[in-house]
Amino acid sequence: ETYLFADRSPILFDVVVWARWGQSLWWPSRVCNPADPYLIPRPTAAVFNIRKPNTLLCLSLGDNQYGWISPVRILPFRSAYDRFAFKLEKTKKGRAALRAAF
């Protein structure tokens, strides 16, 4: 199944994006293929058990947490960088996530 960004370009696996995790800030994340047996770190079985329809497996960079994110809560990393990066640069955890994105 193909998921699209708002600009209609495809969301690809192994690409860094901005993902909105719950009510938190938009966070640098990697879109992951759940069928990839070589994912590092390996998602736990619990991660797979909470999948909702029409969501993508994402890895939150910097803290290495997996979650299922709706495509409407995913934005291209480069084009949205100026909108979100300045907020993350204010914290140690945010700076680590930005470093992990590059």
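For the reader, a short list of remarks on this structure follows.
- Of the residues making up the stretch 29-41, those that are closer than 15 Å to Asp63 by Cα and in contact with a Lys or Arg (Cβ under 9 Å, 6 or more places away or on another chain) number 0.
- Residue pairs whose Cβ atoms lie under 8 Å apart, separated by 6 or more positions or on different chains, with the first residue in the stretch 82-102 and over 19 Å from Gln65 (Cα atoms) and touching a residue at least 24 places away in the same chain (Cβ under 8 Å) and the second in a helix (DSSP H, G or I) and open to solvent by less than 90 Å² (accessible area, probe 1.4 Å), are Lys87/Gly94.
- Restricting attention to the stretch 1-43 and to residues that are buried (at least 16 other Cβ atoms within 10 Å of the Cβ) and basic (Lys, Arg), the residue that is nearest to the chain's Cα centre (by Cα) turns out to be Arg30.
- Members of the stretch 44-102 that are of a type in the set (S, T, N, Q) and surrounded by 16 or more Cβ atoms within 10 Å (Cβ to Cβ): Thr55, Ser60
- Among residues of the stretch 21-40 that are under 12 Å from Gly67 (Cβ atoms), those with a Cβ under 9 angstrom from a residue that is open to solvent by 50 Å² or more (accessible area, probe 1.4 Å) and part of a strand (DSSP E or B), sequence gap 6+ or separate chain, pair up as Trp21/Gln65; Trp27/Arg20.
- Entirely in the stretch 1-96, the strands (runs of 3 or more DSSP E) that have 2 or more residues that are in contact with a helix residue (DSSP H, G or I) (Cβ under 9 Å, 6 or more places away or on another chain): 16-20, 26-32, 56-60, 65-69
The values are calculated or read from the model by the stated rules, or taken from the named source; none is laboratory data. Remember, it's a predicted structure, so these values are computed and weren't measured experimentally. Glycine also receives a Cβ, built like all others from the backbone with ideal geometry; neighbour counts cover every protein chain displayed. Only protein heavy atoms, including side chains, enter the accessible area calculation; ligands, DNA and RNA are left aside. Shrake-Rupley method; radii C 1.70, N 1.55, O 1.52, S 1.80 Å.
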